[in-house]
1. I'm trying to understand the selection: among the residues of segment 5-25, which are under 17 Å from residue 77 (Cα atoms), more than 10 Å from ligand 3 (Cβ to nearest atom) and either in contact with a strand residue (DSSP E or B) (Cβ under 6 Å, 6 or more places away or on another chain) or not assigned by TED's automatic domain parsing to the domain that holds residue 114 (or both)?
2. Any chance segment 411-423 includes a residue that's within 16 Å of ligand 3 (Cβ to nearest atom), under 30 Å from residue 193 (Cα atoms) and not in a loop (DSSP other than H, G, I, E, B)?
3. Within segment 124-142, identify whether any single residue is within 15 Å of ligand 3 (Cβ to nearest atom), among the hydrophobic types (A, V, I, L, M, F, W, C) and under 23 Å from the mean Cα position of the chain (by Cα), and answer yes or no.
4. For residue 392, state whether it is within 22 Å of residue 421 (Cβ to Cβ), among the polar types (S, T, N, Q) and open to solvent by 10 Å² or more (accessible area, probe 1.4 Å).
5. What do you reckon, is residue 160 at pLDDT 95 or above, within 16 Å of ligand 3 (Cβ to nearest atom), more than 22 Å from residue 197 (Cβ to Cβ) and of a type in the set (Phe, Trp, Tyr)?
6. Taking segment 283-306, which residues are open to solvent by 10 Å² or more (accessible area, probe 1.4 Å) and either out of contact with any helix residue (DSSP H, G or I) (no Cβ under 6 Å at 6 or more places or on another chain) or assigned to a strand (DSSP E or B) (or both)?
7. Could we say that residue 253 is in contact with a Leu (Cβ under 8 Å, 6 or more places away or on another chain), hydrophobic (A, V, I, L, M, F, W, C) and modelled with pLDDT of 95 or more here?
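The values are calculated or read from the model by the stated rules, or taken from the named source; none is laboratory data. In this text, all values refer to a predicted model and were calculated from it rather than measured experimentally. Methodologically, a virtual Cβ is constructed for each residue, glycine included, from the backbone with ideal geometry; neighbour enumeration extends over all protein chains shown. Each accessible area value is taken on the protein alone, full model and side chains, heavy atoms only, with ligands, DNA and RNA left out. Shrake-Rupley method; radii C 1.70, N 1.55, O 1.52, S 1.80 Å.
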Amino acid sequence: MAKKLYIKTYGCQMNVYDSERMAEALAPAGYETVDAPEGADMILLNTCHIREKAAEKVYSELGRLKPLKAENPDLKIGVAGCVAQAEGEEIVARQPLVDLVVGPQAYHRLPQMEAATRAGERAVLTEFPQEDKFDHLAARPKAARGPTAFLTVQEGCDKFCAFCVVPYTRGAEVSRPAARVLAEAQELVERGVREITLLGQNVNAYHGHAGGLAGLIWALSELDGLARIRFTTSHPNDMDDALIAAHGTCDKLMPYLHLPVQSGSDRILKAMNRKHNAADYLDIIARLRAARPDLLLSGDFIVGFPGETEADFEDTLRLVEAVGYGQAYSFKYSARPGTPAAERDEVAEEVKADRLARLQALLKDQQRAAQEAMVGREVHVLFEKPGREPGQWVGKSEHLHAVHVTSDTVGRGDLAPVRIIDSAPNSLGGEVVGAAR
Ligand code: SAH
Ligand code: SF4
Ligand code: F3S
């Protein structure tokens, strides 16, 4: 009988991709994935270390799993992802429930580690092994799957922003060779995937293709059956001319870009070690919009970085006003052990909270305006799943807006023209106005 594997995923899209690959790595050991922890033979928490709250969740979740372990002494519990990498042995010491701790660069070793836990050991692996995990991970299955997929092409970061744990949890920047990426993309397309989102902590630093990320995108665009390409997350300093130009010339590259800036204050950007200023960022945005006027921009912001004054924060508000984001994420600064900024004096919590509320109000207005601007326009929607109402289908537009329609002519994986008729807080409503492809 198949053993049951439950994986709970926290954090960024790369963890979503990694969770899929971990499930595939354990399939030859007889595991099939289930969507609830009850009755599982193995539970893996794929964790995130980016902010204190994210890291704390791991220990509270482990506490909640205790009764399951009491019911089933054969249940194995593992911690994967960035908390595993950052805390390693400490997790095993602090939480007797944990049988296995595996860092993001060692997922190909999971089958041996699982076997070790069955032999009664507690397995911990957080080194960065010499071999590349992608060369050793189990072959991907051939079964049909949904129309969208993530595909990691680059991992790690050499930027060392003063606040960020990623260079420590994911290691140095590594790009997968283009031939491997193209082969994996081809397999995904054969399984029914029509939209691929290329992932990397700094995806636009990709150098596994002679033409960089733009070269890889052009190569992918040759795949018949692949309709849409996206990528995330980019760093402003790696936004080269070829990639900017591709936004205007590559039909399969979608008009949406997540380009975090973190702050609009040059003083704070310097203290963050971002190595660009606000004007550099605005210049990149102007060039992108010249290439693709309807590009929808998304960003990340941190408020209350150590030393941020009211004037610095107002610079961030001004930058947001100048850009006009369609969508964005914003966070209170969270000191992370081991990062340079964690040594500095913190901004008071209530000041952070006040700034976050003001920034989020502005970003929310911009998001609403961007959505309302779509009303009356025709977009193309790639349908992913049935909606909550009977007969309803939900998918994403070119601009990554969630769009729902009520129609009996579309189904999962169809790409159809839709006229947008209304805008709700987090989605658009529309009607299908032509044949699905
Ligand atoms: N590689 C991406 C994303 C990294 S993490 C990039 O370079 O932009 C995602 C976001 O989390 C960051 O963009 C940043 O806005 C936020 N973040 C990272 N560390 C943080 C910290 N210590 N406190 C608060 N937010 C943080
Ligand atoms: Fe973190 Fe900066 Fe690297 Fe992004 S670029 S992952 S924020 S260190
Ligand atoms: Fe979190 Fe690691 Fe992603 S810290 S944001 S899961 S790279």
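1. The answer is 5, 6, 7, 8, 19, 23.
2. No, segment 411-423 has no match at all.
3. yes
4. Working: within 22 Å of residue 421 (Cβ to Cβ): yes; among the polar types (S, T, N, Q): yes; open to solvent by 10 Å² or more (accessible area, probe 1.4 Å): yes.
Yes.
5. Values: at pLDDT 95 or above: yes; within 16 Å of ligand 3 (Cβ to nearest atom): yes; more than 22 Å from residue 197 (Cβ to Cβ): yes; of a type in the set (Phe, Trp, Tyr): yes.
For residue 160, the condition - at pLDDT 95 or above, within 16 Å of ligand 3 (Cβ to nearest atom), more than 22 Å from residue 197 (Cβ to Cβ) and of a type in the set (Phe, Trp, Tyr) - is met.
6. Answer for segment 283-306, where residues must be open to solvent by 10 Å² or more (accessible area, probe 1.4 Å) and either out of contact with any helix residue (DSSP H, G or I) (no Cβ under 6 Å at 6 or more places or on another chain) or assigned to a strand (DSSP E or B) (or both): 283, 286, 289, 290, 293, 294, 296, 300, 302.
7. On the way: in contact with a Leu (Cβ under 8 Å, 6 or more places away or on another chain): no; hydrophobic (A, V, I, L, M, F, W, C): yes; modelled with pLDDT of 95 or more: yes.
Judged against the criteria, residue 253 is not a match.
Residue-wise test of (1) open to solvent by 60 Å² or more (accessible area, probe 1.4 Å); (2) outside any helix (DSSP H, G or I); (3) free of Cβ contacts under 8 Å to residues at least 24 places away in the same chain.
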site: 44; (1), (2), (3): no, yes, no
site: 53; (1), (2), (3): yes, no, no
site: 64; (1), (2), (3): yes, no, yes
site: 67; (1), (2), (3): yes, no, yes
site: 70; (1), (2), (3): yes, no, yes
site: 79; (1), (2), (3): no, yes, no
